[in-house]
Amino acid sequence: HAKPEQIPSLEKKFAPKWPKDDWYDQKYLLLDKKLWDGQYYLDEIKKQKTKYEILSHGFAHIDYSDSSTSAEVAAWDMEQGISVLRSYDLKINGFVFPCNHLGHSHLLSKNGIDIIRGNDRFWHINSSPIVTPIGFWLSPAFYTFSEIKNLINSAISHKSFFHPWMHLIECDIRQRDIENFYYPIFSLIKELEAKGKIKNLFFSEIAEQINLVK
């Protein structure tokens with residue numbers, strides 16, 4: 001697991017108003033590593049026989065649109081988040097802005113990003129990178145499996161783009177959210193795909209197909 005490079009200098013200390021704690025506070029290191037590190041989840045994903053795609057979500061979940069987020073801080077956060085994943089032998093072509101707030105977008109091409117998740121309900125296919133609709137938050141705190149199943153069936157009937165998303169940190173290991181909520185959904189997707197009712201595409205595959213059409 002790669003260690004972060006030098007955080008932007010304290011002389012230009014990043015001190016936004018929105019976090020509750022000092023951004024430089026590392027008290028999370030005192031917690032069980034499985035609760036914050038992310039490598040545990042990546043190890044579990046890489047064990048699976050089915051194909052998968054990992055996108056970067058930045059390194060420290062900062063708001064790129066916030067006035068306190070300087071170009072220096074944004075560049076460090078984006079580059080570090082992507083480089084850590086690439087050091088884990090993962091191909092990273094997509095990016096999801098924290099809080100769905102776009103900012104410092106010029107950094108995307110510098111980091112080899114082809115497609116991002118947007119912050120509205122529209123496709124922006126003539127932009128570079130390509131921008132997808134925002135989608136919706138897939139969380140056991142807000143949905144039951146039955147409700148998600150109904151949403152998927154509705155998307156199939158309308159032949160529409162269906163893009164749920166979630167944070168790995170929200171998969172509470174103690175509540176077995178992965179086994180009890182997410183796995184059944186993923187199994188349903190596989191079942192529907194095998195029946196030809198849905199096509200499960202990576203962001204990178206969407207970007208490639210759109211570019212071929214263009």
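Output the residue which, of all residues in the range 64-81 that are in a loop (DSSP other than H, G, I, E, B) and open to solvent by 20 Å² or more (accessible area, probe 1.4 Å), is farthest from Pro129 (Cα to Cα).
Within the range 64-81, the match that is farthest from Pro129 (Cα to Cα) is Ser68.
Here's the yes/no breakdown for (1) without any contact (Cβ under 8 Å) to a residue 40 or more places away in the chain; (2) open to solvent by 50 Å² or more (accessible area, probe 1.4 Å); (3) acidic (Asp, Glu):
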site	(1), (2), (3)
Ser83	no, yes, no
Ile92	yes, no, no
His106	yes, yes, no
Trp123	yes, yes, no
Val131	yes, no, no
>> I'd like the residue in the range 41-63 that is surrounded by 15 or more Cβ atoms within 10 Å (Cβ to Cβ) and either part of a helix (DSSP H, G or I) or of a type in the set (A, V, I, L, M, F, W, C) (or both) and, out of all such residues, is modelled with the lowest pLDDT.
In response: Tyr41
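Please list, ordered by residue number, the helices (runs of 4 or more DSSP H) wholly in the range 132-214 having 2 or more residues that are within 24 Å of Gln39 (Cα to Cα).
183-194, 203-213
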>> Which count do you get for residues in the range 93-115 that are more than 21 Å from Glu170 (Cβ to Cβ), of a type in the set (A, V, I, L, M, F, W, C) and either in contact with a Leu (Cβ under 9 Å, 6 or more places away or on another chain) or not in a helix (DSSP H, G or I) (or both)?
In response: 3
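The values are calculated or read from the model by the stated rules, or taken from the named source; none is laboratory data. Everything numeric in this text was worked out from a predicted model, so none of it was measured. Using ideal geometry, Cβ is built from the backbone for each residue, glycine included, and neighbour counts are taken over all protein chains shown. Side chains are part of the model used for accessible areas, which takes the heavy atoms of the whole protein and leaves out ligands, DNA and RNA. Shrake-Rupley method; radii C 1.70, N 1.55, O 1.52, S 1.80 Å.
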